[in-house]
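Notes follow the structure.
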Amino acid sequence: MACTTILVGKNASYDGSTMIARNEDSPNGEFTPKEFVVVNPEEQPRHYRSVISHVEIDLPDDPLRYTAVPDSLRKIGIWGSHGVNECNVAISNTETITTNERVLGADPLVELQKAAGREGEADYRPEIPGGIGEEDILTLVLPYAHTAREGVKRYGEILRDYGTYEMNGIAISDVDEIWWVETVGGHHWMARRVPDDCYVTMPNQLGIDEFDFDDAFGDQEEFMCSDDLLDFVRSNHLDLSVEQGSLFNPRWAFGSHSDADHVYNTPRAWYIQRCFNPLDASWDGEDADFTPRSDDIPWCRQPERRITVEDVKYALSSHFQGTAFDPYGKLGTEATRTQFRPIGINRTNHLCVIQLRPYAPEISRAIQWTCFSSNVFNAMVPLYTNITESPEYYRGAGEAPDTGNFYWANRIIAALADAQFNDNTANIDRYVEKLGGLSHRMIADTDALVGELISSGAVSADDMADGKVHEILNKANEDFSHIVKTETDDLLAKVLYTTSMGMKNGFHLSDH
């Protein structure tokens, strides 16, 4: 699954929150309807079977309640994508990442082997299930993690026991820290804690560029990994460091540096870091420190200023504005404008920015900012996650386009607005700004209601199961969804009119 991830440490964010964010993009030629749901404990399976790999796993009997953004049609499984559980642990899965032949030879991916021949005959070969993949991870990990570290360890145990059929990276966060986990071959993994004062960019490549095995096998303050990862590296000659004893570089050992990376992956990291650190490096010209093709763009970096939710949305919506690579721009040439894969691409399914706010009580701490379809043309809406039901407007996207559904309304707006991009930009910008302001106002008003309940002694600040709080947060999400629908319908009408006026069969002489 093609995606782009941004992670923001608590001291790099504008309000002290940890933030994990990712675009989920469909493969080329596909558009997958998504929905926002809440999964209560009684709805969580106790025995899980993957649609894609047929792996079967028994699950614990004490799951937590959690939110998710699954495929609404469930044709190839759940694909929960993003979510927050009732312990305010968040997950984003997954960023599909790259590897190399040496890793795959040493630890092959665990793929489904279909049955061959006829049962009972001599040449019959029974089916052998594959490992886990993006379809499965949120459902298998999030309901059982009480901290981010606990989530990392559970994921690692599942990889060890069942393997994976694809290379993936996932983010797991709580209010104190963010961990980034990358698979290494079929059964191995490594994880690095995001420095509190840094942000991370991940564009479909194996990204971690330094790893401390002493810490991973010691205090695990910043690093964790498979129990045998160091032996795996040594026995398979994967360490490419010239100087022995230098800090291990996983990107060299486990990653890729292909020509395709320089078209599809590295330009995205280049542009995001160019946005957040415009003065710290030279990004343009022949003598630039970093270019769209650079293999050494850092995994993490301190931003020049604190990063907001809106900054993350802008970066994950970007199409190389202000450069010769902008497909909607006038700089460069026709060739340069289609040279690199944009971040904000047509086949984005949804974007989530999960914000865990340290200053808010536990019962209302998590906000799951969500938007659907191509991010160039949409706006995020905030959703409290300590809820028991989700708004109807954000659920149930079917196969048929439906303007009464948030996913489909945004998909239609994007297709129409793209056709007359410059004429529609002003309406899109006003929609984004207005909904953004209303969103922050809604959060402030809802936080105040929750605060009044706590100060009156009617509820406890950490009782995630309190029915009064669920009622307030359910209602806040539902009421705001009606505002979102009104504003989205208004934008759809404006974009439809503007694009209709630009149709090529228009003629200005009228007979009325």
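Given 10 Å bins starting at zero, what is the percent of C-alpha pairs of segment 399-503 in each, up to the one with the largest pair distance?
13, 34, 24, 17, 10, 2, 0
What whole-number value in Å² describes the accessible area per residue of the chain for a 1.4 Å probe?
It amounts to 42 Å² per residue over the chain.
With the cut-off at 1.5 for a/c, could you classify segment 378-420 from its C-alpha gyration tensor as rounded, prolate or oblate?
Oblate, because a/c is 1.5 or more while a/b does not exceed b/c.
Once the dipole of segment 399-503 is set up with Lys and Arg at +1 and Asp and Glu at -1 on Cβ about the Cα centre, which of THR498, ALA426, PHE406 lies farthest towards its positive end?
THR498
What full-extension length gain, to one decimal in nm, is calculated for GLN113 and LYS330 as 0.36 nm per residue of separation minus the Cα-Cα distance?
Length gained, GLN113 through LYS330: 73.1 nm.
Local charge sum around ALA21 (other residues, Cβ-Cβ under 13 Å, Lys/Arg +1, Asp/Glu -1)?
Once all neighbours under 13 Å are counted, the net charge is -2.
I need the helices of the chain that pass two filters: whole DSSP H segments spanning 27 Å or more by Cα along the axis, and mean Kyte-Doolittle score no lower than 1.6.
none
Arrange the peptides 215-228, 445-458, 65-78 so that the one whose residues have, on average, the most other Cβ atoms within 10 Å appears first.
Highest-to-lowest ranking by the protection proxy: 65-78, 215-228, 445-458.
Tell me, in nm to one decimal, what length is gained between ARG74 and ASP479 on full extension, where the rule is 0.36 nm per residue of separation less the Cα-Cα distance?
Additional length available on full extension: 143.1 nm.
Only Lys, Arg, Asp and Glu count, each charged at its Cβ (+1, +1, -1, -1), so figure out the dipole size of the chain about its Cα centre, rounded to 20 debye.
That gives a dipole near 1480 debye.
Could you tell me how far the Cα centroid of segment 97-133 sits from the Cα centroid of segment 416-495, in Å?
So the two Cα centres are separated by 46 Å.
Which whole-number percent gives the relative contact order of the chain, counting Cα pairs below 8 Å spaced six or more residues apart?
16 percent
Within the accessible area of the chain, what % is carbon and sulfur when the probe is 1.4 Å and the other protein chains stay in place?
Within the chain, the accessible surface is 51 percent carbon and sulfur.
Can you give the net charge of the other residues whose Cβ lies under 10 Å from the Cβ of ALA171, counting K and R as +1 and D and E as -1?
Taking every other residue near ALA171 into account, the sum is 0.
Is the shape of the chain best called rounded, prolate or oblate, per the rule: a/c under 1.5 gives rounded, else a/b larger than b/c gives prolate, else oblate, with a ≥ b ≥ c the square roots of the Cα gyration tensor eigenvalues?
In terms of gyration-tensor shape, rounded.
Between GLU389 and ASP62, 0.36 nm times their residue separation minus their Cα-Cα distance comes to what?
Once the chain is fully extended between GLU389 and ASP62, it gains 115.8 nm.
Scan segment 319-417 for chymotrypsin sites (Phe, Trp or Tyr not before Pro) in coil per DSSP, keeping those whose Cβ has at most 14 other Cβ atoms within 10 Å, and list them by number.
TYR328, TYR359
If a cysteine in the chain has no other Cys Cβ under 4.7 Å from its own Cβ, put it on the list, ordered by number.
CYS3, CYS87, CYS225, CYS275, CYS352, CYS371
Within the set of other residues whose C-beta is less than 15 Å from the C-beta of VAL263, count the net charge using Lys and Arg as +1 and Asp and Glu as -1.
Neighbourhood net charge equals +1.
So for the pair HIS257, GLN244, with labels modelled 7 Å out along Cα→Cβ, what separation do we get in nm?
2.2 nm
If a paramagnetic tag sat 7 Å from the Cα of ASP161 along the Cα-Cβ line, which residues of segment 90-113 would have the backbone N under 18 Å from that point?
In segment 90-113, the label zone of ASP161 (backbone N under 18 Å from the point 7 Å along Cα→Cβ) covers 110.
Among the listed pairs LYS330/LYS485; LYS153/LYS485; LYS10/LYS75; LYS313/LYS468; LYS34/LYS494; LYS10/LYS153, which have their C-alpha atoms separated by more than 29 angstrom in this model?
LYS330/LYS485; LYS153/LYS485; LYS10/LYS75; LYS313/LYS468
The values are calculated or read from the model by the stated rules, or taken from the named source; none is laboratory data. Predicted, not measured: the structure shown is a model, and the values here were computed from it. So basically every Cβ, Gly included, is an ideal-geometry build from the backbone, and we count neighbours across all protein chains shown. For accessibility, only protein heavy atoms count, side chains too; no ligands or nucleic acids. Shrake-Rupley method; radii C 1.70, N 1.55, O 1.52, S 1.80 Å.
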